[in-house]
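Presented below is the structure to which this report refers.
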Amino acid sequence: MLIVPEREIANLMTRDAAFDAVEGVFAAMASKDAYNFPVIREAIGHEDALYGFKGGFDKAGMTLGLKAGGYWPNNLEKHGHINHQSTIFLFDPDTGMVSAMVGGNLLTALRTAAASSVSIKHLARKDAKVMGMVGAGHQATFQLRAALEQRQFEKVIGWNYHPEMLPNIEKIANEAGLPFEAVELEGMREADVVISITSTFAPTIMADHIAPGTHIACMGTDTKGKQEVEAALLARATVFTDEVAQSISIGEAQHAVAEGLIKESDVHQLGAVINGTHKGRTSDDEITLFDGTGVGLQDLAVAASVVELAVQKGVAIEVDF
Ligand code: NAD
């Protein structure tokens, strides 16, 4: 069995490798070569922790395994560890034997950023110039960095519920050589691409905050009850997702479906656009919306990729098991 510790991930994994891994597995999911297992997420009644498993099998990439982990809200204060903790386990699909154990914390951020980035590549207008961010927390910085590689953006605009956090994303914009401007939510109408990555349970982005022709990637809603955008926006948009079952149950589409504004059949797999079986964006006025819920196969894909890189660089730890 190979071990790739968390401390090695930053030196090994590149945004390009994460992008390729996620794009590939979304395509495999849409062609039914890969599927995700039902997600388990439990409040364990200890340390207020939420713990669970996300797994799947990708027959195209021959990747089998799971990500185990969750959220320990007291970690930072009590133990000096980050609150989100996860580890990815890969198994040999031919024998069922465990093949790798990989630190999953940084990989989770990178695979989530890669998902919105893949959606921008395939759905945003080619002439997109203004990048809009709603959210400025831990994940937002990864999202923005990856997004800026997809189009020739000229400016970043941002809004955050806690305005004092905006410098987090201003720094990323400036590192990319772009000006940053803090705006009110109404100001998001200037954006050609918007990423929302917040933990809100009440929508902050209303349908009229998003201009025709925009691509919006909604990345924060990954649990029942969370909601970042007004459900009416999904009725106006062409809706894409990583996985339809998750989108309508724990993703942004859960609300629009529950309110009867859209049907399950109105939600399309991004992988179908990658494969060329869905036409994707069809006009410059269309709003495209990607509901990124986060699937286990994304974690397995980036873990498999990082194991390969660790072997190449001679830093994978081999143990008898
Ligand atoms: P974080 O705690 O670092 O940041 C939270 C963000 O939400 C901040 O911008 C904060 O200002 C904003 N926020 C908090 N309360 C708000 C409110 N009431 N209204 C509007 N905004 C509010 O968290 P993070 O690590 O950046 O994660 C952000 C979200 O992304 C979380 O909901 C997390 O579960 C989700 N997430 C999704 C995926 C996925 O695959 N889709 C992966 C990782 C994280």
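The values are calculated or read from the model by the stated rules, or taken from the named source; none is laboratory data. All figures in this text were calculated on a predicted structure; none of them were measured in a lab. Every residue, glycine as well, gets a Cβ built from its backbone with ideal geometry; the counts of neighbours run over all protein chains shown.
Quick rundown of the values:
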| read-out | value |
| --- | --- |
| Residue in the range 60-79 that is hydroxyl-bearing (Ser, Thr, Tyr) and in contact (Cβ under 8 Å) with a residue 24 or more places away in the chain present | yes |
| Single residue of the range 246-261 satisfying the filter (more than 14 Å from the ligand (Cβ to nearest atom) and not in a loop (DSSP other than H, G, I, E, B)) that is farthest from THR288 (Cα to Cα) | ALA258 |
| Any hit, the range 85-107, residues being of a type in the set (S, T, N, Q) and without any contact (Cβ under 8 Å) to a residue 12 or more places away in the chain | yes |
| Flag for LYS313 being surrounded by fewer than 16 Cβ atoms within 10 Å (Cβ to Cβ) and either under 30 Å from LEU12 (Cα atoms) or within 16 Å of the ligand (Cβ to nearest atom) (or both) | yes |
| Residue identified as closer than 24 Å to ALA10 by Cα and assigned by the TED database to the domain that holds ALA237 among GLU181, GLU154, GLU170 | GLU170 |
| Number of the exception - SER305 against (1) in contact with a helix residue (DSSP H, G or I) (Cβ under 6 Å, 6 or more places away or on another chain); (2) more than 16 Å from the ligand (Cβ to nearest atom); (3) part of a loop (DSSP other than H, G, I, E, B); (4) hydroxyl-bearing (Ser, Thr, Tyr) | (3) |
| Filtered residue count, the range 157-182, keeping only those that are part of a loop (DSSP other than H, G, I, E, B) and within 15 Å of the ligand (Cβ to nearest atom) | 4 |
| Cross-chain or 6+ apart pairs with Cβ under 6 Å, the range 135-149 first and under 21 Å from TYR161 (Cα atoms), then outside any helix (DSSP H, G or I) and within 6 Å of the ligand (Cβ to nearest atom) | GLY135/ILE197; GLY135/THR198; ALA136/ASN160; GLN139/ILE197; ALA140/ILE197; GLN143/ILE197 |
| Residue satisfying all of: in the range 69-98; at pLDDT 95 or above and aliphatic (A, V, I, L, M); nearest to PRO5 (Cα to Cα) among these | ILE88 |
| Of all residues in the range 187-207 being among the β-branched types (Val, Ile, Thr) and within 13 Å of the ligand (Cβ to nearest atom), the one that is farthest from HIS84 (Cα to Cα) | ILE205 |
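Let's see how each residue does on (1) buried (at least 18 other Cβ atoms within 10 Å of the Cβ); (2) farther than 21 Å from SER196 by Cα; (3) of a type in the set (Phe, Trp, Tyr); (4) in the same structural domain as VAL102 (by the TED database):
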residue	(1), (2), (3), (4)
LYS226	yes, no, no, no
ALA231	yes, no, no, no
GLN254	yes, no, no, no
SER265	no, yes, no, no
ALA272	yes, yes, no, no
LEU289	yes, no, no, no
